[in-house]
Each structure stands twice: as structure tokens, then as C-alpha cells.
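Input: a single structure, listed below in C-alpha cells.
Values quoted throughout were computed directly from the atomic coordinates according to the rules given, and no laboratory measurement underlies them. Source: prediction; values computed, not measured. Here the Cβ is made from the backbone with ideal geometry for all residues, glycine too, and neighbour counts use every protein chain on show.
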Amino acid sequence: MTKSPLRIVIVGGVAGGASAATRARRCNEPAEIILLEKDEFVSFANCGMPYHIGGEIPDRSKLLVATKELLERRFRLDVRPRSEAIRIDRVAKSVTVKNIADGTEYSLTYDKLILSPGASPFVPPMEGTTAKGVFTLRNIADMDRIRATVDSSESVTPKQAVVIGAGFIGLEMVEQLVHRGYQVALAELMPQILPPMDPEMVAPLREELLAKGVRLELGNGIRQITSDASGCATGVELQNGTHLAGSLIILGMGVRPNTHLAIDAGLQIGRTGGISTNQFLQTSDPDIYAVGDACEYVFGPTGESMRIALAGPANRAGRLAGEHAATGHSAATAPVMGTAVVRVFDQTAAITGLSMKAAARAGIPAESVTVIAGQHAGYFPGATPITLKLIYAPESGRVLGAQAVGKDGVDKRIDVLATAMAFRATVRDLSGLDLAYAPPYGSAKDPVHQAAFTACNQLDGLGHVVPADADLFGYQVVDVRTPAEIAKAPLTGCPQAITIPVDELRDRLNELDASKPTLVCCGVGIRGHVAERLLVQSGFASVSNLSGGATLRRRAVPSTS
Ligand code: FAD
């Protein structure tokens, strides 16, 4: 009797599911591989959808990365669109599948089952969410609906949209709707845009949005979506009563993992609500795997399991689960750092690992340094600043996270730091990294090095920075910029600062009281460090440098004038 081939059933045919299916085929040619997808399309580029709506990716077909036909022809997959897995019977090792087209159900047995059902956009339980013109964006059908609405509004004036939620997708939609001629209001419950990042780091994005005419309503929840007699959305009413007008409303309020199948099947659910998995992506049932937005991964900086809804981890996990299901072995999954990047018009912001906010929330001891430095040599045309924040463990110096914002080169620095974190690098390791350099690309001392040097100085007692938002009361504050610089951008919240330009400091020490706790400040922190070292070596009792200088302070402390 011939043994029947291994049957792998995969639930969800996009990022994680399609990766699992194709890897499984590359590792096991005889296997029967069935890909169930409840919607029409498989293997499409969710991440590209905002850019098709905005017209930056004009050709819709480019988003259909691998069609059903391609997957069948090249990988001999049994692709079943409009087929929803509605139940798992772990004893019988079968999945009940509903054919969406005709409502019929059938049972499908499996040897290995891979769950990659993703997540669903959060829709708040409030009035107006079903009004015409209110959308979430998760799949091609959503994208087509939004695009059709945007296209059909060409002759409407004014074209007004409200985006609710200033996370990654919300910001991408804001940018693209502005490109399409909309007046856009962005409403966010938290007091800042991009809530995963530390507040002072997103100030340049805020300025960028305002400069592009986006209305920002931060720190204010929504009460309801308003609509007219014909059921068309007319805007959003906020908790404080403000009404934001818009006929197009995008809900970008985060996602909830699709775990109901797993929960009903009795699979273990983790601390943050995702399906628990081991290092081979197996759930509490070793014949069932889970990957993508529905599962939990080990978060690198803490070693704890958590949900991380990003495409990179989903694709990599899918690949490993596909291999393990097909062969019984694979490499273990690497911890995930939650590395993410977003473009907001001419600015880019990126994050990896822990923010200071997240570290405080988790009770993890962390220090940070922030540098503001050119993305390439200052003397080479086109140099623009990157603000780079490096977060590390106070004792060991192990890198725990990083954030960056700027016009250019942000992604490169965050990827370097995410890579370093994968190898458990310390700030000392970073200071010795041999990075590519020529004037059009970087500096001999890259912003990554500069941040590492600052952190090493802290660890070695060769420097002491205080956070940009520190209370400066009680310090003898010495602003070492030139009077012209200070006149242009005074130090926020510190009228008592003594002005002594750094190049005059050595000769004017007698104007200062060496016994007082002294804080030096410059434009971005570099001259401040020079002044700090000079004062320390001149016998000053206690000297600190303001992190990121007056520039970062302006972002961290709102001006009262
Ligand atoms: P998905 O790729 O969503 O696939 C899940 C599929 O499962 C869906 O097609 C769903 O219909 C199907 N399904 C669900 N339940 C069932 C069932 N019971 N039976 C059958 N099928 C089912 N991430 C980034 O890292 N960078 C980005 O720039 C980025 N941009 C994004 C932009 C947008 C607009 C969106 C929506 C997401 C973006 N993401 C981005 C997130 C990224 O797309 C997701 O993290 C990733 O797709 C998750 O993969 P997944 O396989 O878990 O889920």
C-alpha cells in the first residue's frame, strides 16, 4: 500500500500563509498543500495599498504579488479563495470549510495545519461607523472601495477627509489623501502621533504634517461619526465637542488578532491575546502552527511573548512554519524587535525595540541618549539632520531599542541598530562598528557611532546627559551657543541661562560658580559635551549636558511664549 502524501492545510493566504505554502512546497514536493483564503485574493501586498489609493502605485495589478494561477502553476498549491475555515476538530485533525460563494460546508483533514488568519481592523462600538464613506483598510476590497470613493470625488470641493488614528497606517493614509487633494484632519486619542515612539521624537513629523496643511487633533477621543439624512458620513465629533468635517473617514485605530478559530479549538492564547507559539511556531498542539498578526512572538529586548503585527515577522515566520510542517525540522525563529518605518511626506520615522515609554511601562531599567547629526558629511551638498535616540541597559550597556527621524538615512540607521540588537550588541560594540563611509553616504563618525560614543561616555563617567525635558530649576545653566544662535532659538523654559560661547569658556570660567550643579547646553549637544569636559576638568563639582541641546528641548518642552 502506498503511503498518502503529507497534507498541509493553511488558513489565510496572504503574508504568513502564502510564505508558508511556497516554502512547504520547496521543501516537500510530494506534499498536498491546500491554501484556504476567505477573501478573493491571495498573496497581495497589503503594505502597498495606501500608495495605490494615493496614486503612487498606479497599477493595481502590481499589488497582486502572486496570483492563484501562479501559485497553482509554479508551486502546485491547491489554492481555495472564498473558502473560510470555520472550525478545527483537533481530535479528528480536520477543518470545517465554508464555501463563501454558495454557503456550503465541507470537512478537510490535515496532517499539519498552519494558521495565518491575520488581524481585523478595530471598529469602535459607536454611532456612525456604518455610514457611507467610512472605511477600514485591510484587504484589496477595502482598498478598491476607498480608491473608488477618492476617484469619484475628483470634482468635489472642498474634498475633506478625517483619518482616525495616528499610527503607521493612519499616517500613510493622511499622506496619500493629501496627495489626492484632500483637506485632511487627523484625530488621535493619545496626545502624540505615532504612539509607539517617544513624544519628543515625533515632533518633526508633527511639524511636517502641519506644514502640509493637515489639521491635528491629538489627545482627544472620538464620540461619534456624523452622517446626513441619506446615511453619508459628514464628519467626526470628538469627545470635547469639536466637529471635524469629512465625507471620507478612515478608521486606523489598530487591529485585533483573528484568534476565534484557535480559541474555539482550545489552543493556548498568550499574555497579549495572540496565539502562543514555540520557537518553531507550533501552538500548544504540535500539529498546528500559528504565524503572523494572530500569534505572539518573542520580543527581543524583553524575551517576553507579545503580538507584533508587522509584515516582516509574518513572512519570516510563515517561511519557517512551512518548512517545519513540511519536513519536521527548521531553524528556530529569531526574536522579533518590532522594527518599523513610516514615511510622512518629506520625513521618515523608524523604531526598533523598546522606547523609553515602553521600558518605563514594563519596569525595565533603561537609559537613553539622543544625537542630532547629518545623514552624511556636512560638507557634502544635501546634508540633512537625523535625530537618533539610542536606548540601552544602564549596567551592561546592551542596546534595547532605537528611534530615528529625519529626511534621509533613517531606515539605514534603524536597520543597523536592529541588526546589532539581534546579536545582543552593547553600546560599546556599536562604537566600533565598521560602517561604509564616503561623503555622499555617511560620515566617518556615523550618527550610530555618535550615539554610541555618547552612551559609552555616560557609562564610563566621561559625560552625563540629562533628558531634554528635564526640570532645569536649581541648575546653573550655561548656554554655550553664540548670542546670535540664542536670539534665534532661546532655550525653552530657561530665561536664567548664562551665555558663554564655548570658544570663550576657558577664559571666562570666573563668571561661573564651580560649586553649583551646572548644566551646559548648545544647539544639539556636541559643543555642550566639549564644554562639559572643560568644566569638569576645571574643578566644577557637578556638570551635565542637555541631551540634544536646545533643538531637542524645543521638541520636548512646549514653549509657553
Ligand atoms: P494577512 O496578511 O492579513 O493575511 C491573513 C489572511 O487570512 C487574510 O487575507 C484573511 O482574509 C484570511 N483569513 C482570516 N481568517 C480566515 C479564515 N478563517 N479562513 C480563511 N482565511 C482567513 N507591515 C509592515 O511591516 N510594514 C508596512 O509598511 C505595513 N503596511 C501595512 C499597510 C496596510 C494598509 C495594512 C493593512 C497592513 C500593513 N502592514 C505593514 C501589516 C502587515 O500587512 C501585516 O502584519 C501582515 O500582512 C500580517 O500577515 P498575516 O499573514 O498575519 O495576515
(request) Could you give the size of the charge dipole of region 239-393 about its Cα centre, using +1 on the Cβ of each K and R and -1 on the Cβ of each D and E, expressed in debye and rounded to the nearest 20? (result) 400
(message) Checking the table LYS445/LYS516; LYS3/LYS93; LYS3/LYS38 against a 22 Å threshold on Cα-Cα, which pairs fail?
(response) LYS445/LYS516; LYS3/LYS38
(request) Pull up all non-local amide H partners of GLN183: gap of 5 or more, or a different chain, and H-to-H distance under 5 Å with H placed in the peptide plane. (result) LYS159, GLN160, ALA161
(message) Can you compute the charge dipole magnitude of region 375-526 about its Cα centre, using +1 on each Lys and Arg Cβ and -1 on each Asp and Glu Cβ, nothing else charged? Give it in debye, rounded to the nearest 20.
(response) 280
(request) Could you tell me the convex hull volume per residue, in Å³, taken over the Cα atoms of the chain? (result) 180
(request) Treating the angle as unsigned and between 0 and 90°, give the value, to the nearest 10°, between the Cα long axis of helix 447-460 and the longest Cα principal axis of the chain. (result) 60
(request) Considering the options PRO81, SER515, SER153, tell which one lies farthest towards the positive end of the dipole of the chain, charges being +1 on Lys and Arg and -1 on Asp and Glu at the Cβ, about the Cα centre. (result) PRO81
(message) If you average the alpha carbon positions of region 112-172 and of region 497-513, how far apart do those two centres end up, in angstrom?
(response) 57
(request) Give the distance, in whole Å, between the Cα centre of region 189-244 and the Cα centre of region 252-298. (result) 32
(request) With both partners inside the chain, how many of the DSSP beta bridges are antiparallel, as a percent to the nearest 5? (result) 55
(request) List the lysines whose Cα lies under 18 Å from the Cα of LYS212, skipping any in the same chain that are fewer than 8 positions away. (result) LYS159, LYS407
(request) State, as an integer percentage, the relative contact order of region 68-128 based on alpha-carbon contacts under 8 Å between residues 6 or more apart. (result) 19
(request) Exposed loop GluC sites (Glu not before Pro) only (DSSP loop, at most 16 other Cβ atoms within 10 Å): please give the longest stretch of the chain free of them, not including the sites. (result) 396-561
(message) Shape verdict for region 317-390, please, from the Cα gyration tensor: rounded (a/c under 1.5), prolate (a/b greater than b/c) or oblate.
(response) oblate
(message) Just to confirm the number: angle between the C-alpha axis of helix 168-179 and the first principal axis of the chain, 0 to 90 degrees, nearest 10?
(response) 80
(request) Go through region 273-287 residue by residue and turn each phi into a ³J(HN,Hα) via Karplus (6.51, -1.76, 1.60, θ = phi - 60°); whole Hz please, and just put x for glycine and proline. (result) x, x, 6, 6, 9, 9, 5, 9, 6, 7, 7, 5, 9, x, 8
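Exactly which trypsin sites (Lys or Arg not before Pro) in region 465-548 are in a DSSP loop and have at most 13 other Cβ atoms within 10 Å?
ARG506, ARG508
Which whole-number value in Å³ per residue fits the convex hull of the alpha carbons of region 2-123?
Working: hull volume 16.1 nm³, N = 122.
With only Cα atoms used, region 2-123 gives 132 Å³ per residue.
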(message) Which residue, LEU108, LEU535, PRO124, has the largest displacement toward the positive end of the dipole of the chain when charges sit on each Cβ (Lys, Arg +1; Asp, Glu -1)?
(response) LEU108
(request) Calculate for the chain the 222 nm mean residue ellipticity that helices alone would give, adding -39,500 (n - 2.57) per DSSP H run of length 4 or more and normalising by residue count, nearest 500 deg cm²/dmol. (result) -7500 deg cm²/dmol
(request) Mind pulling the angle between the C-alpha long axis of helix 410-422 and the longest principal axis of the chain? Nearest 10 degrees, somewhere in 0 to 90. (result) 80
(request) Would you work out the charge dipole size for the chain about its Cα centre, treating the Cβ of every Lys and Arg as +1 and the Cβ of every Asp and Glu as -1, and quote it to the nearest 20 debye? (result) 740
(message) Cβ neighbours within 10 Å, averaged per peptide: list 398-405, 307-314, 420-427 in order, most packed at the top.
(response) 398-405, 307-314, 420-427
(request) Pop out the ³J(HN,Hα) list for region 106-121 in order, Karplus 6.51 cos²θ - 1.76 cosθ + 1.60 with θ = phi - 60°, rounded to Hz; leave Gly and Pro as x. (result) 8, 10, 10, 7, 9, 8, 10, 10, 10, 9, 9, x, x, 9, 10, x
(request) Select from GLN239, ALA317, ILE275 the residue farthest towards the positive end of the dipole of region 162-317; place +1 on Cβ of Lys and Arg, -1 on Cβ of Asp and Glu, and compute about the Cα centre. (result) GLN239
